[in-house]
């Protein structure tokens with residue numbers, strides 16, 4: 001038996017174990033974030049959506065079907081597990097597993113080019129890449145599936161396994177309309193490159209990908225969205241048109257430059273050393289062109305639009321640099337990734353992680369005591385625990401039957417805006433206090449006039 005196949009098997013086993021450990025760890029950390037009331041409203045929104053696959057597929061905060069905002073049929077595949085477990089932790093685990101699946105694709109891209117040991121090192125770097133960790137750790141979003149779909153699509157194209165590649169194209173198109181836009185652009189560029197090389201098979205596949213992407217966008221905006229009541233302007237246009245969100249001057253430049261450094265420094269700028277670095281450009285343009293700085297803030301789900309492409313470009317460029325140079329750069333990348341996650345992590349461990357306290361148990365009791373399907377208004381961290389209630393929402397602008405609030409909620413906006421709004425409604429007896437304990441207050445609609 002040769003040493004090379006044995007090395008390959010050992011490397012594959014080590015990477016599989018690392019991926020399993022990574023997914024388990026991110027699930028555990030995400031569960032802690034949830035149980036200690038540090039998850040945000042988005043988790044509640046997605047639980048409401050995914051828990052109703054046959055009756056609305058929407059949430060109160062979005063005001064109807066999720067398809068009003070995004071084309072995400074892949075979420076239907078999440079429904080059986082969520083409904084079977086009846087716990088948002090199921091979605092947290094799915095996102096963690098999806099993040100872990102990026103590493104095997106990186107490994108398979110590097111192995112035939114630079115051998116199993118280097119492939120293993122590249123796969124480990126992928127697992128420690130801070131933007132990927134941030135995407136996996138943030139509240140559940142469709143974008144959490146995008147990095148793995150793109151990485152495996154790149155592997156299938158690299159192997160010229162067109163059936164597998166077509167499957168991964170379909171998976172990506174079912175994640176979100178962003179992926180259709182990305183594939184339309186990348187498919188066009190790939191087709192032009194393949195024409196110049198005389199690669200007819202790749203030309204056909206790339207052209208087919210462009211057609212599928214364009215048809216997906218057309219079907220969403222011309223058929224699906226109007227069918228669910230989307231006759232107004234698409235909300236996402238506000239990301240590039242909202243004048244109130246635009247940063248100006250040095251802040252606008254510094255924020256975007258900092259974002260680019262956070263994306264490239266942990267990888268030692270290796271993606272820029274090969275031609276595949278171009279595949280990262282469309283995703284970066286999308287997030288950097290937004291007037292909302294949240295899209296180019298690490299630790300948000302928006303990074304899912306470009307992380308897969310970044311790690312594919314990293315893998316292929318790293319494998320082309322020769323054994324010594326690639327090994328040094330991979331080790332340096334790993335060190336920088338670990339340092340980033342330890343000192344300035346996009347996951348913000350110190351903010352989102354905490355032991356479950358007696359106060360959290362009080363919140364649990366209030367949530368459990370609410371009537372089934374009650375119309376409840378609350379703030380983000382409690383709303384995340386009310387996803388299975390189809391009538392729960394953030395805030396009380398719609399004057400729901402109940403208002404559930406936590407006076408310990410550490411939000412400046414809540415203390416400055418939300419709490420005073422509710423206090424005014426209480427003074428007018430629009431809401432009357434029903435129960436209070438440890439700073440948690442439950443109100444019910446009274447007879448007062450708003």
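Of all residues in region 98-113, none are in contact with a strand residue (DSSP E or B) (Cβ under 6 Å, 6 or more places away or on another chain), in the same structural domain as residue 13 (by TED's automatic domain parsing) and part of a helix (DSSP H, G or I). Can you name the residue in region 431-448 that is part of a loop (DSSP other than H, G, I, E, B) and touching a strand residue (DSSP E or B) at 6+ places or on another chain (Cβ under 7 Å) and, of all such residues, is nearest to residue 366 (Cα to Cα)? Among residues in region 431-448 that are part of a loop (DSSP other than H, G, I, E, B) and touching a strand residue (DSSP E or B) at 6+ places or on another chain (Cβ under 7 Å), the one nearest to residue 366 (Cα to Cα) is 439. Given the structure, is residue 6 in a helix (DSSP H, G or I), surrounded by 20 or more Cβ atoms within 10 Å (Cβ to Cβ) and modelled with pLDDT under 95? Here the answer is no, as residue 6 does not meet what is asked.
Would you mention how many residues in region 423-440 are closer than 17 Å to residue 381 by Cα and either touching a helix residue (DSSP H, G or I) at 6+ places or on another chain (Cβ under 6 Å) or surrounded by 19 or more Cβ atoms within 10 Å (Cβ to Cβ) (or both)?
Summing the residues that are closer than 17 Å to residue 381 by Cα and either touching a helix residue (DSSP H, G or I) at 6+ places or on another chain (Cβ under 6 Å) or surrounded by 19 or more Cβ atoms within 10 Å (Cβ to Cβ) (or both) in region 423-440 gives 2.
Of all residues in region 245-262, none are free of Cβ contacts under 8 Å to residues at least 24 places away in the same chain, in the same structural domain as residue 305 (by TED's automatic domain parsing) and either surrounded by 14 or more Cβ atoms within 10 Å (Cβ to Cβ) or touching a helix residue (DSSP H, G or I) at 6+ places or on another chain (Cβ under 7 Å) (or both).
Here residue 100 meets each of (1) over 18 Å from residue 11 (Cβ atoms); (2) at pLDDT 95 or above with one exception, condition (1). For the criterion of being more than 26 Å from residue 361 (Cβ to Cβ), in the same structural domain as residue 235 (by TED's automatic domain parsing) and either outside any loop (DSSP other than H, G, I, E, B) or within 17 Å of the chain's Cα centre (by Cα) (or both), residue 94 passes.
Scan region 39-57 for residues that are surrounded by 20 or more Cβ atoms within 10 Å (Cβ to Cβ), touching a residue at least 60 places away in the same chain (Cβ under 8 Å) and under 18 Å from the mean Cα position of the chain (by Cα) and jot them down. Result: 39, 41, 43, 44, 45, 46, 47, 48. Of the residues making up region 326-351, those that are in contact with a helix residue (DSSP H, G or I) (Cβ under 6 Å, 6 or more places away or on another chain) and modelled with pLDDT under 95 are 346, 347.
If you take the residues of region 268-296 that are part of a loop (DSSP other than H, G, I, E, B) and either crowded, with 20+ Cβ neighbours inside 10 Å or touching a helix residue (DSSP H, G or I) at 6+ places or on another chain (Cβ under 7 Å) (or both), which of them is modelled with the highest pLDDT? If you could, list the steps in order and put the result at the bottom.
Of the residues in region 268-296, the ones part of a loop (DSSP other than H, G, I, E, B) are 268-269, 274, 289-292.
So of that shortlist, the ones also either crowded, with 20+ Cβ neighbours inside 10 Å or touching a helix residue (DSSP H, G or I) at 6+ places or on another chain (Cβ under 7 Å) (or both) come out as 268, 274, 289-292.
Working: 268: 97, 274: 92, 289: 91, 290: 90, 291: 86, 292: 86.
It comes out as 268.
Just checking, does region 211-228 include any residue being over 22 Å from residue 182 (Cβ atoms) and surrounded by 14 or more Cβ atoms within 10 Å (Cβ to Cβ)? Taking every residue of region 211-228 in turn, at least one turns out to be over 22 Å from residue 182 (Cβ atoms) and surrounded by 14 or more Cβ atoms within 10 Å (Cβ to Cβ). Among the residues making up region 154-170, those that are crowded, with 16+ Cβ neighbours inside 10 Å and over 16 Å from residue 211 (Cα atoms) are 154, 155, 156, 157, 158. Looking at region 400-407, is at least one residue surrounded by 14 or more Cβ atoms within 10 Å (Cβ to Cβ) and either out of contact with any strand residue (DSSP E or B) (no Cβ under 6 Å at 6 or more places or on another chain) or over 25 Å from residue 87 (Cα atoms) (or both)? No, region 400-407 contains no residue that is surrounded by 14 or more Cβ atoms within 10 Å (Cβ to Cβ) and either out of contact with any strand residue (DSSP E or B) (no Cβ under 6 Å at 6 or more places or on another chain) or over 25 Å from residue 87 (Cα atoms) (or both). The combined condition, being more than 30 Å from residue 232 (Cα to Cα) and either touching a strand residue (DSSP E or B) at 6+ places or on another chain (Cβ under 9 Å) or at pLDDT 95 or above (or both), is not fulfilled by residue 51. For region 110-129, does any single residue satisfy the condition of being over 16 Å from residue 337 (Cα atoms), within 25 Å of the chain's Cα centre (by Cα), in contact (Cβ under 8 Å) with a residue 24 or more places away in the chain and surrounded by fewer than 24 Cβ atoms within 10 Å (Cβ to Cβ)? Looking for residues that are over 16 Å from residue 337 (Cα atoms), within 25 Å of the chain's Cα centre (by Cα), in contact (Cβ under 8 Å) with a residue 24 or more places away in the chain and surrounded by fewer than 24 Cβ atoms within 10 Å (Cβ to Cβ), one finds none in region 110-129, hence no.
Quick grid of which residues meet (1) touching a helix residue (DSSP H, G or I) at 6+ places or on another chain (Cβ under 6 Å); (2) in a loop (DSSP other than H, G, I, E, B):
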| position | (1), (2) |
| --- | --- |
| 37 | yes, yes |
| 45 | no, no |
| 48 | no, no |
| 54 | no, yes |
| 61 | yes, yes |
| 67 | yes, no |
| 71 | yes, yes |
| 77 | no, no |
| 84 | no, no |
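For every residue, the table says whether it meets (1) farther than 25 Å from residue 66 by Cα; (2) touching a residue at least 60 places away in the same chain (Cβ under 8 Å); (3) touching a helix residue (DSSP H, G or I) at 6+ places or on another chain (Cβ under 9 Å); (4) in the same structural domain as residue 140 (by TED's automatic domain parsing).
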site	(1), (2), (3), (4)
363	yes, yes, yes, no
374	no, no, no, no
392	no, yes, yes, no
403	no, no, yes, no
417	yes, no, no, no
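The values are calculated or read from the model by the stated rules, or taken from the named source; none is laboratory data. For clarity, every value in this text was computed on a predicted model and none was experimentally measured. FYI the Cβ positions are ideal-geometry reconstructions off the backbone, even for glycines, and counts take in every protein chain you see.
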